1. Is one or more of the residues making up the range 264-272 assigned by the TED database to the domain that holds SER162 and either within 30 Å of HIS184 (Cβ to Cβ) or outside any helix (DSSP H, G or I) (or both)?
2. Kindly provide the set of residues from the range 324-359 that are of a type in the set (D, E, K, R), open to solvent by less than 10 Å² (accessible area, probe 1.4 Å) and not in a helix (DSSP H, G or I), ordered by number.
3. One residue is enough: does the range 370-378 have a residue meeting the conditions assigned to a helix (DSSP H, G or I), of a type outside the set (D, E, K, R) and in contact with a Leu (Cβ under 9 Å, 6 or more places away or on another chain)?
4. Of GLY201, GLY174, which residue is assigned by the TED database to the domain that holds TRP151, surrounded by fewer than 20 Cβ atoms within 10 Å (Cβ to Cβ) and at positive phi?
5. Looking at LYS310, LYS286, which one is open to solvent by 40 Å² or more (accessible area, probe 1.4 Å) and either among the hydroxyl-bearing types (Ser, Thr, Tyr) or modelled with pLDDT of 95 or more (or both)?
6. Among PHE321, PHE380, PHE371, which is the only one that is open to solvent by less than 10 Å² (accessible area, probe 1.4 Å) and in contact with a Lys or Arg (Cβ under 6 Å, 6 or more places away or on another chain)?
7. Would you please list the contacts, defined by Cβ atoms under 9 Å and residues six or more apart or on different chains, that run from a residue in the range 381-410 that is assigned by the TED database to the domain that holds ASP438 and closer than 18 Å to PHE326 by Cα to a residue that is surrounded by fewer than 21 Cβ atoms within 10 Å (Cβ to Cβ) and among the small types (Gly, Ala, Ser)?
8. Give the number of residues within the range 113-132 that are over 25 Å from VAL156 (Cα atoms), open to solvent by less than 10 Å² (accessible area, probe 1.4 Å) and part of a helix (DSSP H, G or I).
Amino acid sequence: MALLSVAPLAPRWCVHKSLVTSSKGKVVRRTISTSIRMCRITTESGEGVQRRIANHHSNLWDDNFIQSLSTPYGAISYHESAQKLIGEVKEMINSISVKDGELITPSNDLLMRLSIVDSIERLGIDRHFKSEIKSALDYVYSYWNEKGIGWGRDSVVADLNSTALGLRTLRLHGYPVSSDVLQHFKEQKGQFACSAIQTEGEIRSVLNLFRASQIAFPGEKVMEEAEVFSTIYLKEAILKLPVCGLSREISYVLEYGWHINLPRLEARNYIDVFGEDPIYLTPNMKTQKLLELAKLEFNMFHSLQQQELKLLSRWWKDSGFSQMTFPRHRHVEYYTLASCIDSEPQHSSFRLGFAKIFHLATVLDDIYDTFGTMDELELFTAAVKRWHPSATEWLPEYMKGVYMVLYETVNEMAGEAEKSQGRDTLNYGRNALEAYIDASMEEAKWIFSGFLPTFEEYLDNGKVSFGYGIGTLQPILTLGIPFPHHILQEIDFPSRLNDVASSILRLKGDIHTYQAERSRGEKSSCISCYTEENPESTEEDAINHINSMVDKLLKELNWEYLRPDSNVPITSKKHAFDILRAFYHLYKYRDGFSVANYEIKNLVMTTVIEPVPL
């Protein structure tokens, strides 16, 4: 169904006053200064309707441009070359796993296994080598002890590089390893030891220490100390290094860490620096085959991305979204995020479903936050809960089209999920959607009334209205991975994993959006609620407090995702965790949802539009 174009016309000014209200039995004075809101007049059904417009920039990716994209990497010859390389890499890995040789010896076999696993994963080709990776890590773990590990099984002394890389890699794969091993690399004064002269080997050791510190669990003080030490060390080291693979690797790791990192973006970066790592320069290792395979895999998936992106762009255009002028059009950006966290060729339904549902959630967010009137929002909320095409009868024209696209998309994704799960999952999707709509409606009431909730009230509602729940559940159910009810309880709201992830995104998002939202008359944010409850605090104080909350929550998120005592495998939680990383990435520099023409545009170009040179 096509959507009605609703174009903004002349500006009007709206004035809103302060409010005194009660909350939880207590009289609380919500001090809200009179706000000047930019509004615009639109004409609908012959009547003037006063609306607020956020003035977001337009769609950056014209459908004609998307449809014109082409690439040769879908040809069968590239797939045949990739299959040959996969076989050669498997042979290489297996050869070093079953016997020692000139290059793999009892004095270096642990570090070599870890390094190869690490490179395979960072190059984005690990899906082909699951059994080889497990075998290598089982071997390393068999030599793990309370002091860590050395380079090889015969090493007498533990090594920081091997131990830090081992701690990180083993923990990410669910092995129960303690960060206490890092205590053995401190000097008598309790500081991490380092030499006066920074050698390349030591720099790499500290780099892996930093990477390990990102996987900290709550209460791990040694990991916090490791992060502080390694950050300072690496920032000093990079100033002294020439521009090289190592310096670029350090820059990337410091820039993105782990929670902001995206697997496909990392693969694109690591492809450029991999060949300069001295550990892989020996021709006999045949590890250049890894690089060749990584480039082929990147470009073959690039071919699939173009096909999927064309389908998505045509859906966007045919559904009538291209005619709507008030919402943010971010379907291409959402697809990019989806393909950056999942490049399995068979997961097209996940990537397309993710992009569609989050684009719809963004349109709904713009309707509830700015464009819709209170009467319209009440009608739309009731229509969503009725969940039937006839519910459009009472909706204004522009909402009818949005409702029907939402209705068709959610039902379509439920059909895809039923193929994967073997049961009807529509109620999961509907429940998540209704929770999102209810939370959005609550925020709309705050906006229209001028009510300023407490910090706790705002966050409890805001972590639902962010949309993480609605956009995570349905796409994940299409993956082909079994999600019985007990596993869904660990992923879906109100599970702790979902609650923590949603809280992080709401808190971090508000830091980047509150000023723009305030200029539109939207007073409620984590920052404004905090400063209202703490009158002595400045906005900077509020932001520092919120960043501190986020840091603690990230460690809790790590635990919920990786806890070794969980009855839910890490693989079942991976996509829920990676979706958090995708959106957290958007807030690295600014509100990437609303301002997508800088870093996010570059992300689209680097990971979707442009192939890697072979």
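The values are calculated or read from the model by the stated rules, or taken from the named source; none is laboratory data. Note that the coordinates shown come from a computational prediction; the quantities given were computed from them, not determined experimentally. Neighbour counts run over all protein chains shown; Cβ positions are idealised from the backbone, glycine included. Just so you know, the surface numbers come from the protein's heavy atoms only, side chains and all, with ligands and any DNA or RNA stripped out. Shrake-Rupley method; radii C 1.70, N 1.55, O 1.52, S 1.80 Å.
1. yes
2. ARG330, ASP342, listed by residue number.
3. no
4. On inspection, the qualifying residue turns out to be GLY174.
5. When all the criteria are applied, what remains is LYS310.
6. Result of the check over PHE321, PHE380, PHE371: PHE371.
7. That search, which allows pairs on different chains as well, returns PRO396/SER45; GLU397/SER45; TYR398/SER5; GLY401/ALA2; GLY401/GLY320; VAL402/GLY320; TYR403/ALA391; VAL405/GLY320.
8. 2
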